[in-house]
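Taking it in order: structure first as structure tokens, then the write-up.
The values are calculated or read from the model by the stated rules, or taken from the named source; none is laboratory data. If you're wondering where the values come from, they're calculated on a predicted model, not measured in any experiment. Every residue, glycine as well, gets a Cβ built from its backbone with ideal geometry; the counts of neighbours run over all protein chains shown. When the accessible area is computed, the model is the full protein with side chains, heavy atoms only, and any ligands, DNA or RNA have been set aside. Shrake-Rupley method; radii C 1.70, N 1.55, O 1.52, S 1.80 Å.
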Amino acid sequence: MERFKVTGQELRNFYNGNIALGRVFSDIEQDLRSTNQVVCRYIINGLEIAEEDEARFSKVTLEQIETLEYLTENSRDLTGIVLRGWIEALPELIQKTESLAQRMRVQGLSGLLKPIHDLVQNCEVLIDSTLTIKTTMGDQFLGSSPGDWYKTEEFSKKTVLEALRALENKDFVLLADVLEYDLNNMLQMWLDHLRVLEKSLNGEYTGSHFHSEQAGSHSMGRKRIAN
């Protein structure tokens with residue numbers, strides 16, 4: 001992790017005016033993309049702000065800024081951590097899905113509403129996470145058949161929506177089918193995709209352009225206002 005600091009006066013001089021802090025956030029993050037870095041945290045006037053507060057602070061003008069600091073992390077390192085977490089969690093999620101489907105066929109929805117709701121919610125988080133990973137890494141890391149990744153995305157959205165509808169209608173017969181077949185298949189598909197992506201990220205997958213990407217990486221440093 002790296003840390004950068006710039007004074008409010010340096011920012012006002014650089015931008016030649018009293019602009020909103022959101023413009024500075026955007027410029028910093030855009031510049032960091034060229035070196036595969038992301039901002040982990042902003043510190044404004046010595047106060048560390050949470051991610052959910054960034055939108056509010058983005059409206060603050062530079063005249064109110066004494067210092068701006070930000071911590072950065074390599075986006076590929078962070079992606080690798082997220083990938084490994086899902087790869088380790090998915091087999092258990094698949095097993096839980098099978099178990100819930102079997103129990104539902106025996107006892108209906110009685111006593112199972114919360115675990116089923118939690119399962120569907122986890123699947124929604126998984127889909128959101130994979131979309132973020134794809135955006136961060138780019139299509140060249142999706143293996144030899146990126147189209148399969150997009151098909152899985154569409155199948156996942158359709159499956160989760162179908163599960164939610166069946167849950168809302170308390171149709172445990174349909175819901176058990178969706179869990180046992182569609183949802184379980186979806187989770188296995190993502191497990192396969194993420195294993196390939198992890199190998200691609202680590203330069204172990206022959207279909208990846210990882211080596212060539214590294215060889216041509218940018219040598220430019222951070223945005224000059226933060227040096």
Which percent of the accessible area of the chain is formed by carbon and sulfur heavy atoms (probe 1.4 angstrom)? 47
What accessible area per residue comes out for the chain, rounded to a whole number of Å², with a 1.4 Å probe? 55
For the range 1-47, just list the percent of Cα-Cα distances falling in each 5 Å bin from zero outward, please. 4, 17, 29, 28, 16, 5, 0
Selection from 97, 49, 169 lying farthest towards where the dipole of the chain points positive, charges on Cβ: 49
Lysines with Cα under 29 Å of residue 157, excluding same-chain neighbours fewer than 8 positions away: 96, 114, 134, 170, 199
Sorted by accessible surface (1.4 Å probe, heavy atoms of the protein chains only), largest first, 117, 193 come out as 117, 193
Calculate how steeply helix 21-33 sits against the longest principal axis of the alpha-carbon atoms of the chain, using the helix alpha-carbon long axis, and give the answer as 0 to 90 degrees to the nearest 10. 70
Positive-pole candidate from 125, 86, 16, dipole of the chain, charges at beta carbon: 16
Tell me the angle of helix 75-107 to the major Cα principal axis of the chain, expressed in degrees between 0 and 90 and rounded to the nearest ten. 20
Kindly express, to the nearest 10 degrees and within the range 0 to 90, the angle between helix 113-137's C-alpha long axis and the longest C-alpha principal axis of the chain. 40
Tell me, what does the Kirkwood hydrodynamic radius of the chain come to in angstroms if you use every pair of distinct C-alpha atoms? 20.4
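Over all distinct Cα pairs, what is the inverse of the mean 1/r for the range 3-97, reported as the Kirkwood hydrodynamic radius in Å?
On the way: mean 1/r = 0.0662 Å⁻¹.
Result for the range 3-97, one decimal place: 15.1 Å.
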Can you give me the long-range amide H partners of residue 41? Hydrogens built in the peptide plane at 1.01 Å from N, cutoff under 5 Å, separation of 5 or more residues or another chain. 71
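Full extension from residue 129 to residue 53: what is 0.36 nm times the residue separation minus their Cα-Cα distance, to one decimal in nm?
Taking residue 129 through residue 53 to full extension adds about 25.3 nm, to one decimal.
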Rounded to the nearest 10 Å², the accessible area of residue 96 using a 1.4 Å probe with every protein chain kept is 100
Could you give the distance between the Cα centres of the range 120-136 and the range 1-53, to the whole Å? 27
The convex hull of the Cα atoms of the range 55-173, divided by residue count, gives a volume in Å³ per residue of 175
Over the heavy atoms of residue 181, what accessible area does a 1.4 Å probe trace out, to the nearest 10 Å²? 130
